[in-house]
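Just below is one structure, and these are the notes that go with it.
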Amino acid sequence: MIHFLELKKSNTPYRREVIDAITEVIDSGWYILGEKVKIFEKEIANYCGVEHAIGVGNGLDALTLIIRGYKEMGIFHENDEILVPANTYIASILSITENRLRPILVEPDIYTYNIDVNLIKDKITPRTKAILVVHLYGRVGYTHEIRAMAEEHGLKIIEDAAQSAGAKYNGVVTGGLGDASGMSLYPSKNLGAIGDAGVVTTDDGKLADVVRALRNYGSFEKYHNIYQGVNSRLDEIQAVVLSVKLKYLDKENNRRRDIARRYLGEINNKKLVLPHDTQDRESHVWHLFTVRTGKRKEFGDYLSDMGIETMIHYPVPPHKQPAYSSWNNESYPITEEIHRTIISLPLYPAILDNEVARIIDACNSYR
Ligand SMILES: Cc1ncc(COP(=O)(O)O)c(C=O)c1O
């Protein structure tokens, strides 16, 4: 069986280095908010080309704490609106509603699967405070048109960089494109820990300070609480794992690109809509390789019979989820079309070339 993702196989090349680093943490006797987190924060800030990084518990918390931080700074208020792509993973939207702001769903571009910049303008109201740009599947969702629109209307750009570690736009890495960015470092992500982890990156020193306090009960100084904060800290063990894996991120992303290039060049079955290749100024990191087909179940069953595991990202759009029942009757046709037809093929750095070839053959033999 070719599995969709094999995390053990993916982590094997770094096993020795990771174990040595974890052993050092265990032997240090310091496990929460110590030097190792500070070192990783510096490394990831440098990597993203920003001044500040704050390690947090997971990607959802990273996004939630950015919005909460802007609230504490008096920049966002309850019921303010944030534009967000309708086809994103639900976490992007949860980060907004958790803060009692209003997500305004915007249809994606069927070509990129990212927010359709042409639809943003009509959704802007006096209450709009930000655009939450999601780099879905590892493809950059930010464009200079979005920046221009944000500047014209005084909006913040918040990046959801959960799926895009290392992707670039005009040479700038995601995490360094917006006013603030939340990244998930969940094990299956391009930069993955061995448990939950996340990070906020920003050039805004004030926001960085507020998020740093919010993640730690709202305090800068032990037992002095300025905000009603939360406990969402990156721990020392995950930090050292991430420091090891960050060194190899570009190499891993290049391997992902090589595999994607093969899929794009060699899968030629007209029944499958392949992802569109990116423009020169973008460097996609292929967190997921998705194809679309009207007969998704049939195609998935066929690949499963051929010994190839697939997944669906995602089967139900946020506006059709029971969690957001007040939206259930709304219609976002492009989003719904994507959710009805999309299916992801295995693509991860440790997959073998002969497995990639088998996947290509199976796709081309599908009738
Ligand atoms: C687009 C997107 N945003 C946010 C998140 C949330 O990240 P985490 O699972 O680390 O909370 C994810 C996680 O899958 C995601 O895919």
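The values are calculated or read from the model by the stated rules, or taken from the named source; none is laboratory data. Everything numeric in this text was worked out from a predicted model, so none of it was measured. Ideal geometry is used to build each Cβ from the backbone, glycine not excepted, and the neighbour counts take in all protein chains shown. Please note that ligands, DNA and RNA were not included when accessible areas were found on the heavy atoms of the full protein model with its side chains. Shrake-Rupley method; radii C 1.70, N 1.55, O 1.52, S 1.80 Å.
Just to check your reading of the model, which residue among Val140, Val133 is in contact (Cβ under 8 Å) with a residue 40 or more places away in the chain, of a type in the set (A, V, I, L, M), part of a strand (DSSP E or B) and on the phi < 0 side of the Ramachandran plot? Steps first, please.
Details: Val140 fails: part of a strand (DSSP E or B).
Every option except Val133 fails the conditions.
Residue check: is Asn328 exposed (fewer than 13 other Cβ atoms within 10 Å of the Cβ), in contact with a helix residue (DSSP H, G or I) (Cβ under 9 Å, 6 or more places away or on another chain) and not assigned by TED's automatic domain parsing to the domain that holds Leu191?
So Asn328 passes the test.
Check Ile82, Ile104 and return the single one that is away from the ligand (no atom under 12 Å from the Cβ), buried (at least 24 other Cβ atoms within 10 Å of the Cβ) and closer than 16 Å to Pro318 by Cα.
Details: Ile104 fails: buried (at least 24 other Cβ atoms within 10 Å of the Cβ).
The unique qualifying residue is Ile82.
Somewhere in the range 216-226, is a residue open to solvent by 80 Å² or more (accessible area, probe 1.4 Å), of a type in the set (S, T, N, Q), touching a Phe, Trp or Tyr at 6+ places or on another chain (Cβ under 7 Å) and away from the ligand (no atom under 16 Å from the Cβ)?
yes
Quick one: which of Lys38, Lys71, Lys42 is closer than 30 Å to Gly154 by Cβ and at pLDDT 95 or above?
Just one listed residue meets the conditions, Lys71.
Among the candidates Ala197, Ala193, which residue alone is touching a strand residue (DSSP E or B) at 6+ places or on another chain (Cβ under 9 Å), outside the structural domain of Ala350 (by TED's automatic domain parsing) and either of a type outside the set (Asp, Glu) or away from the ligand (no atom under 16 Å from the Cβ) (or both)?
It is Ala197.
Give just the number: which of (1) surrounded by 13 or more Cβ atoms within 10 Å (Cβ to Cβ); (2) more than 20 Å from Asp353 (Cβ to Cβ); (3) modelled with pLDDT of 95 or more does Ser304 not satisfy?
Checking Ser304 against (1) surrounded by 13 or more Cβ atoms within 10 Å (Cβ to Cβ); (2) more than 20 Å from Asp353 (Cβ to Cβ); (3) modelled with pLDDT of 95 or more, the one that fails is (1).
For the range 123-143, what are the residues that are within 23 Å of His276 (Cβ to Cβ) and either small (Gly, Ala, Ser) or more than 20 Å from the chain's Cα centre (by Cα) (or both)? Spell out the reasoning first.
First pass over the range 123-143, keeping only residues within 23 Å of His276 (Cβ to Cβ): 131-143.
Across the range 123-143, the qualifying residues are Gly138, Gly141.
Checking the condition more than 13 Å from the ligand (Cβ to nearest atom) and either within 21 Å of Thr97 (Cα to Cα) or not assigned by TED's automatic domain parsing to the domain that holds Val18 (or both), which residue from Leu136, Leu155 passes?
Leu155
Pairs needed: first member in the range 182-209, open to solvent by 10 Å² or more (accessible area, probe 1.4 Å) and part of a helix (DSSP H, G or I); second member anywhere, modelled with pLDDT of 95 or more and not polar (S, T, N, Q); C-beta distance under 7 Å; at least 6 residues apart or different chains.
Gly205/Glu51; Gly205/His52; Lys206/Met73
Enumerate the pairs (first residue in the range 252-280 and open to solvent by 80 Å² or more (accessible area, probe 1.4 Å); second residue anywhere and assigned to a helix (DSSP H, G or I) and aromatic (Phe, Trp, Tyr)) with beta-carbon separation below 8 Å, excluding pairs fewer than 6 apart on the same chain, so at least 6 apart or on different chains.
The qualifying pairs are Lys271/Phe299.
Please enumerate the residues belonging to the range 9-24 that are of a type in the set (Ser, Thr, Tyr), over 18 Å from Glu236 (Cβ atoms) and surrounded by 15 or more Cβ atoms within 10 Å (Cβ to Cβ).
Our first condition is that a residue be of a type in the set (Ser, Thr, Tyr); within the range 9-24, this holds for 10, 12, 14, 23.
From what is left, the residues that are over 18 Å from Glu236 (Cβ atoms) are 10, 12.
The one that is of a type in the set (Ser, Thr, Tyr), over 18 Å from Glu236 (Cβ atoms) and surrounded by 15 or more Cβ atoms within 10 Å (Cβ to Cβ): Ser10.
For the range 107-123, name all the residues that are out of contact with any Leu (no Cβ under 6 Å at 6 or more places or on another chain) and either closer than 15 Å to Lys320 by Cα or surrounded by fewer than 19 Cβ atoms within 10 Å (Cβ to Cβ) (or both).
Across the range 107-123, the qualifying residues are Asp109, Ile110, Tyr111, Asp116, Asn118, Leu119, Lys121, Asp122.
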